[in-house]
Amino acid sequence: MAKINYHHLYYFWRVALSGSITKTADECHVSQSALSQQIKQLETSMDVRLFERAGRQLLLTDVGRKVLSYADEIFTTGEELQSFINKGGTATQRHINIGVLTTLSRNFTESFISPLLKQPNVSFTLTTRGMTNLLNGLTSHELDLVLTNRSVSQQNDDAIWQSQLVSRQSVSIIGPAQQNPNNTFPQGYENLKWVLPTKITEIRSAFDAYCATLGYEPDIIAEADDMAMLRLLVRDTGAITALPAVVVKDEISSGNLSEYQVLPNVYEHFYAITIKRTFVPEIVTDLLQKNIVD
């Protein structure tokens with residue numbers, strides 16, 4: 001096999017990350033034909049097929065995915081080296097880009113990033129998106145890590161995601177302080193209205209299962225998958241909900257809401273997702289270590 005042309009490999013890497021020759025050509029300021037030709041030359045020199053087409057989609061072959069993992073390490077490290085040199089060979093100022101699932105509790109996010117606020121010469125950017133866009137941001141190295149309450153399934157050994165459990169919050173029954181039945185659930189809850197997370201959420205699945213074991217059917221007037229919206233609904237409707245207390249800690253502190261009781265074996269799990277790489281920025285590993293679940 002001929003010696004690898006790293007210029008061609010770089011173009012392969014960019015196309016593999018974006019999934020589009022057109023987009024990559026625009027970003028790299030080269031023609032689509034020139035870009036396609038250089039990738040073909042790389043395939044010829046390696047004697048492999050890196051891409052295959054499925055309709056209008058450009059998909060990586062099995063070999064292509066493996067080559068991408070090597071290219072990712074090569075060029076990610078190179079970009080980090082360039083950033084280090086651009087800063088004069090010192091790492092006095094560090095920055096981390098964090099993606100946050102749109103529906104995630106803001107109070108949890110604030111708690112997670114609190115160690116960053118105490119460190120000198122550290123800055124960060126928070127970006128809220130849907131799950132697919134967050135994972136795409138990790139793949140393109142736009143994001144360093146992602147916070148979510150959904151774990152990422154690992155389909156095979158070549159999966160690029162790493163998912164770390166960073167918090168497990170007990171779920172409580174929350175409602176107006178003056179409405180607290182002061183009884184063990186479900187006694188005294190017969191006539192109360194509920195606003196709950198939607199059925200696709202982990203909290204709702206666990207809550208429904210717990211209610212089923214007790215033969216209790218909640219009277220649900222509203223559902224939402226956004227924690228901020230649930231805060232507003234339970235605060236303004238007089239209904240009760242099932243949420244981690246951290247989501248409404250300000251309302252509990254002010255006396256507007258009360259934590260009636262903790263539900264046994266009902267939890268919400270929070271994850272930090274990164275991509276597999278040989279060199280992980282120190283600021284990322286430090287933050288994850290400070291949020292390890294005991």
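The values are calculated or read from the model by the stated rules, or taken from the named source; none is laboratory data. From a predicted model like this one, the values you see are computed outputs, not experimental measurements. Positions of Cβ are backbone-derived with ideal geometry, glycine not excepted, and every protein chain shown enters the neighbour counts. Surface areas here come from the heavy atoms of the whole protein model, side chains and all, with no ligands, DNA or RNA. Shrake-Rupley method; radii C 1.70, N 1.55, O 1.52, S 1.80 Å.
Okay, here's what the table says:
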{"quantity": "Selected residue [touching a residue at least 12 places away in the same chain (Cβ under 8 Å) and open to solvent by 50 Å² or more (accessible area, probe 1.4 Å)] from K40, K66", "calculated": "K66"}
{"quantity": "Residue selected from the range 87-107 under the condition surrounded by 15 or more Cβ atoms within 10 Å (Cβ to Cβ) and part of a strand (DSSP E or B), by the criterion modelled with the lowest pLDDT", "calculated": "R94"}
{"quantity": "Output for the range 238-254, where each listed residue is open to solvent by less than 70 Å² (accessible area, probe 1.4 Å), farther than 14 Å from E268 by Cβ and not charged (D, E, K, R)", "calculated": "G238, A239, I240, I252"}
{"quantity": "Residue in the range 160-168 that is under 22 Å from R129 (Cβ atoms), hydroxyl-bearing (S, T, Y) and at pLDDT below 95 present", "calculated": "yes"}
{"quantity": "Selected residue (criterion: modelled with the lowest pLDDT) from residues of the range 1-37 that are part of a loop (DSSP other than H, G, I, E, B) and either surrounded by 14 or more Cβ atoms within 10 Å (Cβ to Cβ) or of a type in the set (A, V, I, L, M) (or both)", "calculated": "M1"}
{"quantity": "Matching option when the condition is of a type in the set (A, V, I, L, M, F, W, C), over 30 Å from H141 (Cβ atoms) and open to solvent by less than 30 Å² (accessible area, probe 1.4 Å), among A212, A224, A272", "calculated": "A224"}
{"quantity": "Selected residue (criterion: surrounded by the fewest Cβ atoms within 10 Å (Cβ to Cβ)) from residues of the range 113-143 that are β-branched (V, I, T) and under 26 Å from E73 (Cα atoms)", "calculated": "T132"}
{"quantity": "Filter result for the condition that a residue is farther than 17 Å from V146 by Cβ, assigned to a helix (DSSP H, G or I) and touching a Pro at 6+ places or on another chain (Cβ under 7 Å), over L287, L230", "calculated": "L230"}
{"quantity": "Selected residue (only one of A228, A222 is small (G, A, S) and modelled with pLDDT of 90 or more)", "calculated": "A222"}
{"quantity": "Any hit, the range 134-146, residues being touching a strand residue (DSSP E or B) at 6+ places or on another chain (Cβ under 8 Å) and either free of Cβ contacts under 8 Å to residues at least 12 places away in the same chain or more than 30 Å from T61 (Cβ to Cβ) (or both)", "calculated": "no"}
{"quantity": "Residue in the range 1-19 that is closer than 25 Å to L138 by Cβ, among the charged types (D, E, K, R) and touching a helix residue (DSSP H, G or I) at 6+ places or on another chain (Cβ under 7 Å) present", "calculated": "yes"}
{"quantity": "Residue within the range 155-176 that is of a type outside the set (S, T, N, Q), more than 30 Å from L17 (Cβ to Cβ), more than 20 Å from the chain's Cα centre (by Cα) and open to solvent by 40 Å² or more (accessible area, probe 1.4 Å) present", "calculated": "no"}
